[in-house]
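Below is one structure, written out as structure tokens; comments come after it.
The values are calculated or read from the model by the stated rules, or taken from the named source; none is laboratory data. It should be emphasised that the depicted structure is a prediction, and the values quoted were computed from it without experimental measurement. Here the Cβ is made from the backbone with ideal geometry for all residues, glycine too, and neighbour counts use every protein chain on show. These area figures cover heavy atoms from the full protein model, side chains too; ligands, DNA and RNA do not enter into them. Shrake-Rupley method; radii C 1.70, N 1.55, O 1.52, S 1.80 Å.
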Amino acid sequence: MTKPAICFVTNELYPLGPGGIGRMLHNFARHNETLGSPAEIHFLVPPELLASRPDAPMLLAGTFDGLAQVHICPDLANRPDLMAQLLARAGAHPWTLEWHLAESYRYYQGLLAAERRRGAPFDIVEFPDFGGWAVASIEAKRAGLAFTQTLIAARIHSTQGVIYRAERFTHHPGHSLGIVFDAERHLLAHADLIVGHERTVLAFNEDHYGLAGHWRGRCLLEFPPILPDDGDAPVQAEREPLDFIFSSRLQPFKRPDLFIRAAILFLERHPDHAGCFRLVSYGWDEAYIAGLRALVPETLKEKILFVFGASAAERASHLARSVVVVPSDYESLCLFAFEASRMGCKIILNGRCPAFGKTSRWQDENNCLLFDGSVAGLAAAMEKALRWTPSATASIAPDTPYWLRPAAWPVSRAPAVAQVKRPGVTVVCHGIRSPAEFERLFDTVLPLDAELDLAGGTDAVQVLLPRGHFAPDGPEARRVEAQGWQAVLSSGKNECPEMLGRRLAALEREAVLLHPFGFEAAPGFLALALDAMARDAELALVCGHVELVDPHTARSDYLRAYAGEAPSTALLSSRIAPPFCLLRRDLPTRVPFDPRAGDLWFEVFARECALTGEGILVMPVIAATMDAFLAGRRETTKKISGGLTDAAGIAVGLPARLLSLDPVQPPGDGPDRPLTLHGEQLRPVSRIHPQGRVREWEPVQWHGGSRGIIVHPLAGEVTIGELRGPHRRVGRIVAHVRNLSEHNGGVEAAVALARGNAATQRILARLDGGEMADDVALSAWQTVGPGRQALIELSAYGTSRGNDRLLLITRLPPRGEESDCHLAFERVELWFNENIL
């Protein structure tokens, strides 16, 4: 038997960082070596990991030489295909669906490149369950585009969806959360194999995601190797430990607040206790850490200590003389707890956590103490720990890796390509309302003839001609029939969606390609979609993503992405499937087209398909190009989203009427939905003028209190902060600015937009009153008085070309002084599709 080849997809990898997942993957490679290297181990990582520290490439090469091969995801901007080029621009729109698709598409392309480098497909590709990185790869396999001979596995670590369930009152709601939750669930719903470490954790995730039916026959348990560093060997002090330590990450679901409150209660009961309570940890949310510090009374600050930046030796020394407390509400395994047990530490665990309570490896009062998840329960366990001695350590004996047990792999459910017979298809062209629109649609449908079997009768093309606009014996109908297509006269000016659904259900061929006016099929899409539908009988709708073009140059502008089987996204967004798609003819009988939705009937239909669990495949390809003049058409309204949300609540029997909620609108492309940059999104603003070190402090800096970027004016200078604009043309810029101080003489502020290739000196010349230039647009200067706020607007459509330089500018008024001149740009709105001259 040849060695199985497995590639782990990850964004962390030991020794680059302290993450437990990166440590686990490193252990897999080391354990494989101890077994005699019976498998090929590969890792696929993003380029950001190698940029995380100067010695990262050398460190990875030295660590994995002879153990594993590390592959790097490609830069999409350097890929030749149009899909990659368009997605590379999504970096300018963080947290959008396109941005998330770009992330998963990058991993997909990285896997394909790794296969080419290896010279053969991988036997297994394992994704972590979090992050949603697998979407493009999963959809490619479902479509038969790639990985047809590769088993795609998902390992249970901790999805954002499960973590946020444990942190339900911690996060601001928003559409981007739904995108992540849906993408994570998509992997778990469609992976060939689900790998868990504890049965209780598997059951928890299965219940959380409602995937009992999907997972039947596709789950296995495998305990991973735990190989601590030599520095983690037992070094227990001679005396019994009096200290307690929390050494997990400072994150809400890890419950450092529970540790602190229990420590306070313990010390209130035992004021003479000689030991202390340490949080030897790290975290990224300074506000959250400040809240944890604020829990500690002044009288106990010498007993409850926060220790940041501890070296490995310092951390091990603290562990050796402490009772280890892991109060997490959720863990999938917790390597730290097992490592601490192996060191001989006393351990207290949260019995409510599915990784600790009712598991095979943790036994209360044997190798750990379990508490009931409450402050009082933890304080009582701390008291008990001082008198208790563990009689055993937790077993860390690893299971045989599943990649060495092919008999445990699930049998592929998809038939081979040679065994499938594609269904017949009827192309239904609709939505034309004038002879001019007919001509444009006719020309876009013509190329499909080469992909259809019209002569053999397998396929057909129907063009719906509304009686309100076309005559039965008119030239349009005659031209359709002459082409070998079918001209069908529909009712009125625009046929009722319900009647259209019934018309589709009555067709004789199994598949229907909905071809609305304003779309042009990408070459080869229809054949790919029909093959995918033939391979999977559960697919009800197959589509791809849509290219939009610049209306002035007809060049590719950006990609409009669609989410498919994404119920969280479907509550707010119409980006489920494009109106140009392939569906089974009986789908509208299960999910009817609703005439009450007006011209948004298809968007509502697609969203209801996602909400009711219909099988939807969004292939990682461009399916069609949308007419540039349709790009600004509205995709949804709050009324539509509110009605769908309310219907979902009624369907599950909620007594609350969700129509009482005001649904948040996700950002879109229309003129009434700007791209808004605020909060953390303004952090990348950097100073371009004046250059060099001009003061002991930085004039352009992030200000967490105002959640904005400060652009501080300087005596005799213009201060300019720059932010790179999105790839699309910007029609108008609106900046919300605030003078943060009451003790200055006011600040003058402006915004400007310069084309990406405009030199800084040219921008400065324009600010100094130079002649008008078509590559630099400057707003009027606004004087913002002490403590006041203002709006600064700039019309920039004639100047913008996409990927522009967005400039935030301040200067002192005449006779002004720079002292206390803290002007913050709190919010910048970028409006598109507005030809404001």
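Taking amide H positions as placed in the peptide plane 1.01 Å from N, state which residues far from residue 370 in sequence (5 or more) or on other chains have amide H under 5 Å from it.
Residues meeting the criterion, in which the H sits 1.01 Å from N, are 349, 365.
What Cys residues in the chain are without a partner cysteine, judged by a Cβ distance under 4.7 Å?
7, 73, 219, 276, 334, 345, 353, 368, 429, 496, 609, 821
Zone of residue 717 (label point 7 Å along Cα→Cβ, backbone N under 13 Å): which residues in the range 778-820?
What the label zone holds, given the 13 Å backbone N cut-off, is 810-812, 818.
Could you list which residues have their amide H under 5 Å from that of residue 490, counting only those 5 or more apart in sequence or on another chain, with H placed in the peptide plane?
Long-range HN contacts for residue 490: 465, 467.
Any chance you could give the angle, 0 to 90 degrees and rounded to 10, that helix 435-445 forms with the longest Cα principal axis of the chain?
Tilt relative to the chain: about 60 degrees.
Could you tally up the Lys pairs in the chain with alpha carbons closer than 27 Å? Skip any pair fewer than 8 positions apart unless they're on separate chains.
16
Pop out the ³J(HN,Hα) list for the range 40-52 in order, Karplus 6.51 cos²θ - 1.76 cosθ + 1.60 with θ = phi - 60°, rounded to Hz; leave Gly and Pro as x.
8, 10, 10, 10, 10, 10, x, x, 4, 5, 6, 8, 6
In whole Hz and in residue order, list the ³J(HN,Hα) couplings for the range 304-318 that follow from phi through the Karplus curve 6.51 cos²θ - 1.76 cosθ + 1.60, θ = phi - 60°; x for Gly and Pro.
Whole-Hz 3J(HN,Hα) from phi for the range 304-318: 10, 10, 9, 10, 10, x, 5, 6, 4, 5, 5, 4, 4, 5, 5.
Describe numerically, in nm with one decimal, the distance between label points set 7 Å from Cα along Cα→Cβ at residue 221 and at residue 120.
Taking the simple label geometry, residue 221 and residue 120 are separated by 3.4 nm.
Quick one: which residues, 5 or more positions from residue 732 or on another chain, have an amide H under 5 Å from its amide H? H modelled 1.01 Å from N in the peptide plane, none for Pro or chain starts.
Residues meeting the criterion, in which the H sits 1.01 Å from N, are 796, 831.
With volume of the Cα convex hull per residue in Å³ as the read-out, I listed (1) 184; (2) 280; (3) 194; which label goes with the value calculated from this structure?
Computed from the coordinates, volume of the Cα convex hull per residue in Å³ corresponds to (3).
Could you calculate the contour length gain from residue 407 to residue 360, that is, 0.36 nm times the residue separation minus the distance between their Cα atoms, to one decimal place in nm?
Roughly 14.5 nm would be gained on extension.
Using label points projected 7 Å from each Cα along Cα→Cβ, tell me how many nm separate residue 212 and residue 288, to one decimal.
Taking the two extended label points, one gets 3.2 nm.
Assuming a ≥ b ≥ c are the square roots of the Cα gyration tensor eigenvalues, decide whether the range 40-197 counts as rounded (a/c under 1.5), prolate (otherwise, with a/b larger than b/c) or oblate.
It is rounded, given that a/c, with a ≥ b ≥ c, falls under 1.5.
Compute the long axis of helix 256-269 from its Cα atoms, compare it with the longest principal axis of the Cα atoms of the chain, and write down the angle in degrees, 0 to 90, nearest 10.
That works out to roughly 30 degrees.
Across the range 562-575, in residue order, what do the Karplus-derived ³J(HN,Hα) couplings come to in whole Hz, using 6.51 cos²θ - 1.76 cosθ + 1.60 with θ = phi - 60° and x for Gly and Pro?
10, 9, x, 6, 9, x, 5, 4, 5, 5, 10, 10, 8, 7
Let's test the formula: R0 of 22 Å, r as the Cβ-Cβ distance of residue 555 and residue 446. What FRET efficiency results, to the nearest 0.05?
Working from the Cβ atoms, E equals 0.45.
Could you please state how large a percent of the accessible area of the chain is carbon and sulfur, counting protein chains only and using a 1.4 Å probe?
With neighbouring chains kept in place, the figure for the chain is 52 percent.
Using the heavy atoms of the protein chains alone and a 1.4 angstrom probe, what is the accessible area of the chain per residue in square angstrom?
Accessible surface, normalised per residue, equals 42 Å².
Quick one: Cα centre-to-centre distance for the range 724-755 and the range 794-825, in angstrom?
Answer, in whole Å: 5.
Suppose each label sits 7 Å from its Cα in the direction of the beta carbon; what would the residue 659-residue 295 distance come out to in nanometres?
4.3 nm
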